[in-house]
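Before any comments, here is the structure.
Derivation of every value follows stated rules applied to the coordinates shown; laboratory data play no part. Quantities reported herein were computed from a predicted structural model and do not represent experimental measurements. All Cβ positions, glycine included, derive from the backbone under ideal geometry; neighbour counts span all protein chains shown.
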Amino acid sequence: MVNFDVAVDRVLSHEGLYSNDPNDPGKETKFGISKRAYPNLDIKNLTREDAIKIYYDDYWRPFLDLSITNYVRFHLFDYAVNSGINQATKTYLKIYLRSKNDLHTVLLLTTERMKFLKNLPTWKFFGDGWSQRLLRNIQYAVDDLD
């Protein structure tokens, strides 16, 4: 069963430790938390526990008001962590009326997410990693149905 603990462990498995990649518009990043998104945060000294609290408060909790299952919520959460909550929400609203069931929603969300990522100028630097992340998320979608 997918809950926040499972979801955040999955997200953290995608996200690395401290980095300051000049190609990353987020600049300093640790556990997927970026200086761009949190300019007043000491990214280098961010703890895993602090990152998890940020993930819950800023990326999981906003989706608790939606009438969706945690099965879908995980994919929306991961999208928000990777591309921002506004982008994830915009994409969800775009596909909402077309979705027929949870699996269909996840597949539509993942397809639109890939289209969005492929159009970013940073695709040439991070596209392989993003593709691997989405493939793992599709595998989670299949595994979670069992």
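Some notes on this structure:
- Estimated D of the stretch 4-145 in µm² per second, where Rh is the Kirkwood radius over Cα pairs and Stokes-Einstein applies at 4 °C, 1.567 mPa s: 84 µm²/s
- Convex hull volume of the stretch 53-94 per residue (C-alpha atoms, cubic angstrom): 61 Å³
- Rel. contact order, % - alpha carbon contacts under 8 angstrom, at least six apart, the chain: 19 percent
- Residues K100, K27, sorted so that the one with the fewest Cβ neighbours within 10 Å comes first: K100, K27
- N20/M114 FRET efficiency (R0 30 Å; Cβ-Cβ; nearest 0.05): 0.65
- In nm, spacing of pseudo-spin labels at T89 and R36 (7 Å Cα→C-beta vector): 1.9 nm
- Both the radius of gyration and Dmax for the stretch 98-139 are 11.3, 35 Å, in that order, over alpha-carbon atoms.
- Only lysine pairs 8 or more places apart or on separate chains count here, and in the chain those with Cα atoms under 19 Å apart total 14.
- Radius 12 Å from Cβ of N20, net charge of other residues (Lys, Arg +1; Asp, Glu -1): +2
- For the stretch 9-60, the calculated P(r), taken from all Cα-Cα distances in 10 Å bins from zero up to the bin holding the longest distance, is 27, 60, 13 percent.
- Distance from the alpha carbon centroid of the stretch 42-73 to that of the stretch 106-122 works out to 21 angstrom.
- Rounded to the nearest 20 debye, dipole of the chain from Cβ charges on Lys, Arg, Asp, Glu: 600 debye
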